[in-house]
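Down below is the structure, laid out as structure tokens.
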Amino acid sequence: MNENLILKAYEVAKERYAAVGVDTDKVVEKLEKTPISLHCWQTDDVMGFENNDALTGGIQTTGNYPGRARNIDEVRADLVFAKSLLAGNHRVNLHEIYGDFQGKKVDRDEVGVEHFQSWIDWAKDNNLKLDFNSTSFSHPKSGDLSLSNPDPAIREFWIEHTKRCRRIADAMGKAQGDPCIMNIWVHDGLKDLTVRRKYYRELLTQSLDEIMKEDLPDMKACFEAKLFGIGLESYTVGSHDFYTAYCATRKYIYTLDTGHYEPTENVSDFVSTLLMYVPELMLHVSRPVRWDSDHVTIMNDQTLDLFKELVRNDGFDRAHIGLDYFDASINRIGAYVIGTRATQKCVLQALLEPVAKLREYEDKGEFFQRLALMEEAKSLPFGAVFDYFNLKNGVPVGEEFIPCIEQYEKDVTSKR
Ligand code: RNT
Ligand code: ZN
């Protein structure tokens, strides 16, 4: 790309934004300091390294594009390559099934920090921070119910697993000098009309309270709600209302996955209330198409609204941003780069909104002016700011990353 042209366009954009009271240099700096947690499971269609090829728990990848990462080295190489095309300092979000098991069978209630030491070292070498997830799915004991299972032996197994995962997350957090965010999502639910809905929720509450007993200062747990899973359509134990109440009463972080609500709901509507009652939010930025399909994140109204709502309500610094989708139908690294850059574009637009002026109008009851400025702000030259952000950080500008990914496909992923 013509560097001078990008710089020139940025200078014009800077002036346009300054006219509505927005300092683009400051916004670019803020965006540079906003990490996005890259979900490792986009590299390999949520398979992990347990040599278990059935994905269960009501989630599904579709597509059969060649080049899936087959082992730990390939997962790492793909993540490092994806990162090289992204501006900013990012994080990597691991699931327990991605432990470095060295081909040995390590059951979920046996996992320890030693299985993640090589990840901790790798992250340090690559200037990345780690986040973590316990894994309730794709296991013979997963069934329909894990932490809410009426069978105490099964419940105990998953409690032990999740406790161990918290300790692993704590070790990661300690090593990186920054808390590791550990997401707890369990698939628990039932396919058909369920009679004892409260009972399983009581069991889940008991299990979670037990898991959270240990004081681990270098990790933060968050809890992910969901609408339904495939084969578990009628009842989800950890629903939105369940986790809203659970996190609000315990002061825990709530995980908001943008694919986990009714398709006609605007997820951003939950943000302001959650900000009042939970300490922080973890975001799983995804894209549902008709259902929780985990399509690659794009710059759309839902994602824009989510970040605008955070900024408008002074909640942006209380949100951790992660991606969560798994599309096996296109180049998987391309999927990372598209999704991360789209998320950054949405964050950028939210940060560029003339919020001070909008609030002023609202406070004065000047609602025509508020709507007019909101509308005009949508077509301010944010693209020029985004190009500058990428140029400044030495990564491809605009569609320049397409040939880079094509080259990596030719040299690396197509040979798998
Ligand atoms: C599932 C949840 C969950 C998973 C990952 C793999 O619907 O969104 O976050 O996608 O844990
Ligand atoms: Zn999720």
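When the residues of segment 186-210 are filtered to those that are under 20 Å from Ala153 (Cα atoms) and of a type in the set (A, V, I, L, M, F, W, C), which remaining residue is nearest to ligand 1 (Cβ to nearest atom)?
Within segment 186-210, the match that is nearest to ligand 1 (Cβ to nearest atom) is Val186.
Go through segment 360-375 and report how many residues are assigned to a helix (DSSP H, G or I) and free of Cβ contacts under 8 Å to residues at least 12 places away in the same chain.
Just the residues of segment 360-375 that are assigned to a helix (DSSP H, G or I), to begin with: 360-363, 367-375.
With the extra rule that they be free of Cβ contacts under 8 Å to residues at least 12 places away in the same chain, the set shrinks to 360, 362-363, 367-369, 371-372, 375.
Counting residues in segment 360-375 that are assigned to a helix (DSSP H, G or I) and free of Cβ contacts under 8 Å to residues at least 12 places away in the same chain gives 9.
Can you list the strands (runs of 3 or more DSSP E) found entirely within segment 255-333 that contain at least 1 residues being of a type in the set (D, E, K, R) and farther than 27 Å from Tyr408 by Cα?
Numbers: elements: 281-285, 287-289, 291-295, 319-323.
Answer list for segment 255-333: 291-295.
Got a number for residues in segment 218-263 being in contact with a Cys (Cβ under 8 Å, 6 or more places away or on another chain) and of a type in the set (S, T, N, Q)?
1
Output the number of the condition that Ser286 fails; it satisfies all remaining conditions of (1) within 16 Å of ligand 1 (Cβ to nearest atom); (2) open to solvent by 10 Å² or more (accessible area, probe 1.4 Å).
It fails just one condition, (2).
So which residues in segment 268-280 are surrounded by 19 or more Cβ atoms within 10 Å (Cβ to Cβ) and either of a type in the set (Ser, Thr, Tyr) or free of Cβ contacts under 8 Å to residues at least 40 places away in the same chain (or both), if there are any at all?
Ser268, Phe270, Leu274, Val278
I'm trying to understand the selection: among the residues of segment 142-163, which are part of a helix (DSSP H, G or I) and surrounded by fewer than 20 Cβ atoms within 10 Å (Cβ to Cβ)?
Selection gives Pro152, Ala153, Ile154, Glu156, Phe157, Ile159, Glu160, Lys163.
Could you tell me whether segment 119-141 includes any residue that is more than 16 Å from ligand 2 (Cβ to nearest atom), open to solvent by less than 40 Å² (accessible area, probe 1.4 Å) and more than 24 Å from Ala77 (Cα to Cα)?
Yes, because at least one residue in segment 119-141 is more than 16 Å from ligand 2 (Cβ to nearest atom), open to solvent by less than 40 Å² (accessible area, probe 1.4 Å) and more than 24 Å from Ala77 (Cα to Cα).
For Gly229, work out the one condition from (1) within 13 Å of ligand 2 (Cβ to nearest atom); (2) under 30 Å from Lys174 (Cα atoms) it doesn't fulfil.
If we test Gly229 against (1) within 13 Å of ligand 2 (Cβ to nearest atom); (2) under 30 Å from Lys174 (Cα atoms), just (2) comes out false.
Would you call Lys213 assigned to a strand (DSSP E or B) and open to solvent by 60 Å² or more (accessible area, probe 1.4 Å)? Outline the logic, then answer.
Numbers: assigned to a strand (DSSP E or B): no; open to solvent by 60 Å² or more (accessible area, probe 1.4 Å): yes.
Criteria not met by Lys213.
Residues in segment 186-197: is at least one within 16 Å of ligand 2 (Cβ to nearest atom) and closer than 21 Å to Val106 by Cα? Show your work before the answer.
Step one: filter segment 186-197 for residues within 16 Å of ligand 2 (Cβ to nearest atom), giving 186-189.
Narrowing the set further to residues that are closer than 21 Å to Val106 by Cα leaves 186.
Looking for residues that are within 16 Å of ligand 2 (Cβ to nearest atom) and closer than 21 Å to Val106 by Cα, one finds at least one in segment 186-197, hence yes.
Only residues that are surrounded by 13 or more Cβ atoms within 10 Å (Cβ to Cβ) and not in a helix (DSSP H, G or I): list them for segment 376-389, please.
Taking segment 376-389 first, the residues surrounded by 13 or more Cβ atoms within 10 Å (Cβ to Cβ) are 377, 380-389.
Once the filter is applied, which keeps residues that are surrounded by 13 or more Cβ atoms within 10 Å (Cβ to Cβ) and not in a helix (DSSP H, G or I), segment 376-389 yields Leu380, Pro381.
Taking segment 15-35, which residues are free of Cβ contacts under 8 Å to residues at least 40 places away in the same chain and part of a helix (DSSP H, G or I)?
The first filter runs over segment 15-35 and keeps only residues free of Cβ contacts under 8 Å to residues at least 40 places away in the same chain, leaving 15, 18-19, 23, 25-26, 29.
Of everything in segment 15-35, those that are free of Cβ contacts under 8 Å to residues at least 40 places away in the same chain and part of a helix (DSSP H, G or I) turn out to be Glu15, Ala18, Ala19, Asp25, Lys26, Glu29.
Being away from ligand 2 (no atom under 16 Å from the Cβ), within 19 Å of Val397 (Cα to Cα) and buried (at least 24 other Cβ atoms within 10 Å of the Cβ) is the filter here, so list the residues in segment 322-336 that pass it. Reasoning before the result, please.
First pass over segment 322-336, keeping only residues away from ligand 2 (no atom under 16 Å from the Cβ): 328-334.
Right, trim to within 19 Å of Val397 (Cα to Cα) and you get 333-334.
Listed by number, the list holds a single entry, Ile333.
Return yes or no: is Gln60 surrounded by fewer than 18 Cβ atoms within 10 Å (Cβ to Cβ), within 16 Å of ligand 1 (Cβ to nearest atom) and touching a residue at least 40 places away in the same chain (Cβ under 8 Å)? Full working, then the answer.
Values: surrounded by fewer than 18 Cβ atoms within 10 Å (Cβ to Cβ): yes; within 16 Å of ligand 1 (Cβ to nearest atom): yes; touching a residue at least 40 places away in the same chain (Cβ under 8 Å): yes.
For Gln60, the condition - surrounded by fewer than 18 Cβ atoms within 10 Å (Cβ to Cβ), within 16 Å of ligand 1 (Cβ to nearest atom) and touching a residue at least 40 places away in the same chain (Cβ under 8 Å) - is met.
The values are calculated or read from the model by the stated rules, or taken from the named source; none is laboratory data. The shown structure was predicted, so the numbers you read here are calculated from the model rather than taken from an experiment. Neighbour counts are summed over all protein chains in view; Cβ atoms, including those assigned to glycine, are modelled from backbone coordinates with ideal geometry. Surface accessibility is based on the protein's heavy atoms, side chains included, excluding ligands, DNA and RNA. Shrake-Rupley method; radii C 1.70, N 1.55, O 1.52, S 1.80 Å.
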